[in-house]
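Trainee: Let me give you the structure first, and then I'll get to my questions.
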Amino acid sequence: MSNFEVIVIGAGGGGAVIAKELGEKGLKVLVLEAGPWYGNKKWPNPNSQSGAESSSTSDDLDVVLHKQLLNKFEMNMNDLVTGRFRWGPADRSRSQWFRNADQKGVIWQCSGVGGTTQAYTANCPRAYPAAIDNVWPISYRELIPYYEKVEETLPVNFAATTAKEELFYYGAKKAGWHLIPTLDVTGPGYRPQPNAILPPNKNITNLNLSEEQLSWMEGCTLSGHCINGCPHGPSVDKMAKRSTNVSYVPLALKTGNVCIRPNAFVIKIVTENTVSKGLHAVGVKIRDTWTGEQEELRAEIVVMASGSIESPRLWLNSGLPDNQWVGRGLVNHYMDWVSGIFEEKDLIPILGTSDINPFVGNTCGARMDYPGLGALQSVGMSPGLTASFYAVSESGYSFLHTPGMNDPWDIRGRLFGYELKETMDAYRRTLNILVSTDDEVNQRNGITLDPLIRDENGFVPVVKYQPTKQSSRKRSKLVKIAAELLRKAGAKKIIWTNWPTGMMIHIESTMRMGFVVDQDCETFQVKRLYIADNSVHYNSLGGVNPTLTTQALATRTAEKLVEKYFN
Ligand SMILES: Cc1cc2nc3c(=O)[nH]c(=O)nc-3n(C[C@H](O)[C@H](O)[C@H](O)COP(=O)(O)OP(=O)(O)OC[C@H]3O[C@@H](n4cnc5c(N)ncnc54)[C@H](O)[C@@H]3O)c2cc1C
Ligand code: SF4
């Protein structure tokens, strides 16, 4: 394994994209990924045996293995401590990698080829133009061709309508909101989710086909559970949910120029300082997560795509120059969870049936956008995950709170015991809404290094986040809009969980453009070191899901990098 021109650290939301783009431009690229690779026959038992070292051909992708390893058992896939999609080494008998965070909540990221997109729900909205123009160092117009390229490659489609989407649209319409007909969102309204999920298979209503048969055909089966990783499709590169391990990774391998090495944790960026080049990256030091052996690998360019916590951590652990914005400014969409419980008799005239069955269909098939405030999304999680989301609250136990006259909710706080049981009994008649706030950047939030605690990869990150007053005000307004939408749709009981600040699912902006990287995503202080993950976002994009923008930027960065260093 030698003679690579570019090393990419991380094969997740951004890393897989830049690897494919650079490979198509003829560069030799090595992708180093800390976690396992599911669905590659060189690693048939990725969680218990070390397998091969690397793979550089799509012939290694194995659909049978992919389907065996990605199943619908929630704990097996999504348990944050022991699940296949945890943040930890491939060997599941070992502990996950530690982050020091004292907030209540969860930091939900995954290691492995595909990164956190393995578990994501594939929503692909563009940023709100108002969050970019005259705010970012680049304009919204500059992003559009790159959005279009990613939308075509994944590809992005509008989510199908199942019962939960129909009910969401019904409530939004009754609450006075209008349908948004464009991808570029300039005013509030509702719309089907643009997502990276293939449209439903045409045979979906053919009763002569079993679910198993349908699962081997191309297209979404609307079977739900997208968060567990999608096992539906005829081959790895045609799976219905287009996480990067099944979309960009096969395309990267097909270029013949990209080699991916899982189980390789980068512990240091190696630099040199010369008169002609100044301080510049020349390679990386890695640690094999199975053997513990360390190795130095060299390339002309290094791209960090290790996510918004690990990229700054790696910078700091590598002793790179001081910068008061490295690791700082973390935004997280200060999320919340509002649920409406409906009665059968009220659902029948709207849906034609008495149940919503929220797990059916794309997990987040409908959304309401509100530039200036953020976004609301319908969420149909499986029962275990739904119950766990009722259990994390800033308000403490629900029995502590009686609603006031003007409160839009009937229950606030953490459900437990009989109340949780009663709520879960109504699971099939529940519509959940995820609140995603246009979160304000604050330099005090973010990643620093713990001065004392180390793991095998270096000093561990300390993760801190407190919303600003402005973010809190916006979230409260969105919670009210969500409650009103549910009430207008006919919900009889509204539950406001009031999530704590530490529910981290959309982590962004810790290596901001204009402060840590320039507008082409090369770091100001270390030449030939680029970043291609969520951390380069200047802000929280107005509150919309971050990955499409990361992927558009990664596509643009590949172009700029080649222009500067390989022309
Ligand atoms: C449940 C869930 C649902 C989500 N749904 C959506 C959604 O619908 N739409 C959306 O836009 N976003 C969604 N997200 C967020 C989305 O997953 C992230 O925005 C996206 O994956 C971020 O891409 P990234 O490249 O920054 O990081 P990641 O995808 O996390 O990739 C980073 C990769 O780098 C690897 N890595 C880290 N450190 C090192 C190191 N030192 N050496 C080697 N490798 C390393 C990691 O193992 C990982 O594979 C969701 C997240 C979760 C948890
Ligand atoms: S609903 Fe989700 S998991 Fe099921 S087939 Fe469609 S994309 Fe895959």
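The values are calculated or read from the model by the stated rules, or taken from the named source; none is laboratory data. If you're wondering where the values come from, they're calculated on a predicted model, not measured in any experiment. Counting neighbours? That spans all protein chains shown, and the Cβs are built from the backbone with ideal geometry, glycine included. Please note that ligands, DNA and RNA were not included when accessible areas were found on the heavy atoms of the full protein model with its side chains. Shrake-Rupley method; radii C 1.70, N 1.55, O 1.52, S 1.80 Å.
Trainee: What is the spread of the Cα atoms of the range 310-355 along each of their three principal axes, largest first, in whole Å?
Mentor: 64, 15, 12
Trainee: For the range 189-231, what does the relative contact order come out to in percent, with C-alpha contacts under 8 Å and a separation of six or more?
Mentor: Working: 23 pairs, mean separation 16.6, N = 43.
Relative contact order, the range 189-231: 39 percent.
Trainee: Which percentage, to the nearest 5, of the DSSP beta bridges contained in the chain is antiparallel? Before the final figure, lay out the partial values.
Mentor: Numbers: 55 of 81 bridges.
Of the beta bridges lying entirely in the chain, close to 70 percent run antiparallel.
Trainee: Another question about this same structure. Between the range 131-160 and the range 413-492, how far is it from one alpha carbon centroid to the other, in angstrom?
Mentor: About 26 Å separates the Cα centre of the range 131-160 from the one of the range 413-492.
Trainee: Compute the Rg/Rh shape ratio of the range 433-567: radius of gyration over Kirkwood radius, all on alpha-carbon atoms. Please list the in-between numbers first.
Mentor: On the way: Rg = 18.8 Å, Rh = 17.5 Å.
Dividing the radius of gyration by the Kirkwood radius yields 1.08.
Trainee: Quick one: in the range 271-355, what % of C-alpha pairs are over 21 Å apart?
Mentor: On the way: 2071 of 3570 pairs.
Value for the range 271-355 (Cα pairs over 21 Å): 58 percent.
Trainee: Calculate the length of the line joining the C-alpha centroid of the range 187-240 to that of the range 291-355, in whole Å.
Mentor: Cα centroid of the range 187-240 versus Cα centroid of the range 291-355: 24 Å apart.
Trainee: Given N residues in the range 341-387, what is its alpha carbon radius of gyration divided by 2.2 N^0.38 Å? List each step's numbers first, then the result.
Mentor: Working: Rg = 13.1 Å, N = 47, 2.2 N^0.38 = 9.5 Å.
My calculation over the Cα atoms of the range 341-387 gives 1.38.
Trainee: With a cut-off of at most 15 other beta carbons within 10 Å, and DSSP calling the residue loop, which chymotrypsin sites (Phe, Trp or Tyr not before Pro) in the range 506-567 qualify? Please list them.
Mentor: Details: sites: PHE515, PHE524, TYR530, TYR538, TYR565, PHE566; in loops: PHE515, PHE524, TYR538, PHE566.
Counting only loop positions with at most 15 other Cβ atoms within 10 Å, the chymotrypsin sites (Phe, Trp or Tyr not before Pro) in the range 506-567 are PHE524, PHE566.
Trainee: Looking at the range 418-465, which trypsin sites (Lys or Arg not before Pro) are DSSP coil and have at most 14 other C-beta atoms within 10 Å of their C-beta? Walk me through the numbers on the way to the answer.
Mentor: Working: sites: LYS421, ARG428, ARG429, ARG444, ARG454, LYS464; in loops: ARG444.
Taking the range 418-465 and a limit of 14 other Cβ atoms within 10 Å, the loop trypsin sites (Lys or Arg not before Pro) found are ARG444.
Trainee: Also: Could you check the spin-label model distance between LYS477 and PHE399? Points 7 Å from the Cα along Cα→Cβ, value in nm.
Mentor: Here the modelled spin labels are 3.7 nm apart.
Trainee: Now for a separate question. For the range 217-291, just run the numbers: alpha carbon Rg, then divide by 2.2 N^0.38 Å, N being how many residues it has. Write down the numbers at each step before the final one.
Mentor: On the way: Rg = 18.9 Å, N = 75, 2.2 N^0.38 = 11.3 Å.
Relative to the 2.2 N^0.38 Å estimate, the range 217-291 comes out at 1.66.
Trainee: Additional query: If I take every Cα pair under 8 Å that is 6 or more residues apart in the chain, average their sequence separation and divide by the length, what percent do I get for the relative contact order? Before the final figure, lay out each step's value.
Mentor: On the way: 1458 pairs, mean separation 126.8, N = 567.
Here the relative contact order equals 22 percent.
Trainee: Additional query: Restrict the search to the range 292-401; then list the GluC sites (Glu not before Pro) that DSSP places in a loop and that have at most 14 other Cβ atoms within 10 Å of their Cβ. Show your work: numbers first, answer last.
Mentor: Values: sites: GLU293, GLU295, GLU296, GLU300, GLU310, GLU343, GLU344, GLU394; in loops: GLU293, GLU300, GLU343, GLU394.
Of the GluC sites (Glu not before Pro), the ones in loops of the range 292-401 whose Cβ has at most 14 other Cβ atoms within 10 Å are GLU293, GLU343.
Trainee: How much of the accessible area of the chain, in percent, comes from carbon and sulfur atoms when a 1.4 Å probe is used? Show your work: numbers first, answer last.
Mentor: Details: 10530 of 20780 Å².
The C+S portion of the solvent-accessible surface of the chain is 51 percent.
Trainee: Using only the Cα atoms of the range 85-165, what do you get for the radius of gyration and for Dmax, in Å?
Mentor: Every Cα atom of the range 85-165 included, Rg and Dmax give 17.8, 49 Å.
Trainee: I would also like to ask the following. Per Stokes-Einstein, at 25 °C and 0.890 mPa s, what whole-number D in µm² s⁻¹ belongs to the range 387-497, with the Kirkwood radius over Cα pairs as the hydrodynamic radius? Mind dumping the intermediate values first?
Mentor: Working: Rh = 16.6 Å.
Here the translational diffusion coefficient equals 148 µm²/s.
Trainee: Taking a 30 Å limit on the Cα-Cα distance, which of the listed pairs LYS174/LYS477; LYS174/LYS464; LYS20/LYS164; LYS42/LYS527; LYS72/LYS480; LYS42/LYS202 fall beyond it? Write down the numbers at each step before the final one.
Mentor: Numbers: LYS174/LYS477 18 Å; LYS174/LYS464 39 Å; LYS20/LYS164 36 Å; LYS42/LYS527 35 Å; LYS72/LYS480 34 Å; LYS42/LYS202 34 Å.
Violating the 30 Å limit, Cα to Cα: LYS174/LYS464; LYS20/LYS164; LYS42/LYS527; LYS72/LYS480; LYS42/LYS202.
Trainee: Quick one: the Cα spread of the range 483-547 along its three principal axes, in angstroms, biggest first?
Mentor: Between the extreme Cα coordinates on each principal axis of the range 483-547 lie 59, 21, 15 Å.
Trainee: Ok, one more. With unit charges on the beta carbons (Lys and Arg positive, Asp and Glu negative) and the dipole taken about the Cα centre of the range 283-396, which residue among ALA366, TRP315, LEU347 sits farthest to the positive side?
Mentor: The residue sitting most towards the positive pole is TRP315.
Trainee: Kindly provide log₁₀ I(q)/I(0) values, in the same order as q = 0.13, 0.16 Å⁻¹, from the Debye equation applied to equal alpha-carbon scatterers of the range 262-317.
Mentor: -0.35, -0.52
Trainee: If you don't mind, another one. For the Cα atoms of the chain, what angle does the longest principal axis make with the long axis of helix 307-317, in degrees from 0 to 90, nearest 10?
Mentor: Relative to the chain, helix 307-317 is tipped by roughly 40 degrees.
Trainee: PRE reach from THR468 (point 7 Å along Cα→Cβ): which of the range 537-555 fall under 15 Å by backbone N?
Mentor: The answer is 538-543, whose backbone nitrogens lie closer than 15 Å to the label point.
Trainee: Angle check, please: helix 469-489 long axis (alpha carbons) against the longest principal axis of the chain (alpha carbons), in degrees 0 to 90, nearest 10.
Mentor: That works out to roughly 40 degrees.
Trainee: Run the numbers on the range 217-343 and let me know its relative contact order in percent, using alpha-carbon pairs under 8 Å that are six or more apart. Walk me through the intermediate numbers first.
Mentor: On the way: 133 pairs, mean separation 17.2, N = 127.
Worked out over the range 217-343, it gives 14 percent.
Trainee: Working from the pairwise distances between different alpha carbons, so that the mean of 1/r is found and then inverted, what is the range 149-302's Kirkwood radius in Å?
Mentor: Values: mean 1/r = 0.0505 Å⁻¹.
After inverting the pairwise mean of 1/r, the radius is 19.8 Å.
Trainee: Cβ under 14 Å from GLY176's Cβ, GLY176 left aside: what net charge do those residues give with Lys, Arg +1 and Asp, Glu -1?
Mentor: After counting each charged neighbour, the total is +4.
Trainee: Cα convex hull of the range 3-92: mean projected area in nm², to one decimal? Walk me through the numbers on the way to the answer.
Mentor: Numbers: hull surface 25.0 nm².
Projected over every direction and averaged, the Cα hull of the range 3-92 covers 6.3 nm².
Trainee: Per the Kirkwood treatment, what hydrodynamic radius in Å, one decimal, follows for the range 182-222 from the mean inverse distance over all distinct Cα pairs?
Mentor: Numbers: mean 1/r = 0.0801 Å⁻¹.
Evaluated on the range 182-222, it is 12.5 Å.
Trainee: Calculate, in nm to one decimal, what PHE416 and THR205 gain on full extension: separation in residues at 0.36 nm each, minus their alpha carbon distance. Mind showing how you got there, number by number?
Mentor: Values: separation 211, 0.36 × 211 = 75.96 nm, distance 3.87 nm.
Residue separation times 0.36 nm, minus the Cα-Cα distance, leaves 72.1 nm.
Trainee: How much length would be gained if the chain were fully extended between ARG94 and ASP184, taking 0.36 nm per residue of separation minus their Cα-Cα distance, in nm to one decimal? Display every interim value, and only then the final one.
Mentor: Values: separation 90, 0.36 × 90 = 32.40 nm, distance 4.49 nm.
In short, 27.9 nm is gained.
Trainee: Looking at the range 374-436, what % of the alpha carbon pairs are farther apart than 16 Å?
Mentor: Every Cα pair in the range 374-436 considered, those over 16 Å come to 51 percent.
Trainee: Can you pull the semi-axes for the chain, root of five times each eigenvalue of the Cα gyration tensor, sorted largest first, whole Å?
Mentor: On the way: eigenvalues 276, 137, 100 Å².
Its equivalent ellipsoid spans semi-axes of 37, 26, 22 Å.
Trainee: On a full-extension model of 0.36 nm per residue, what is the gain between TYR170 and LYS564, subtracting their alpha-carbon distance, rounded to one decimal in nm? Walk me through the numbers on the way to the answer.
Mentor: Values: separation 394, 0.36 × 394 = 141.84 nm, distance 5.10 nm.
So the extension gain works out to 136.7 nm.
Trainee: Right, something else. Using a Förster radius of 60 Å, what is the FRET efficiency between ASP288 and ARG141 based on their Cβ-Cβ separation? Nearest 0.05, please. Display every interim value, and only then the final one.
Mentor: On the way: r = 45 Å, r/R0 = 0.74.
That pair, ASP288 with ARG141, gives E of 0.85.
Trainee: Skip the ligands, DNA and RNA, and give the accessible area per residue of the range 283-376 with a 1.4 Å probe, whole Å². If you can, show how the numbers build up before the last one.
Mentor: Details: 2920 Å² over 94 residues.
Spelled out: the 1.4 Å probe surface of the range 283-376, per residue, equals 31 Å².
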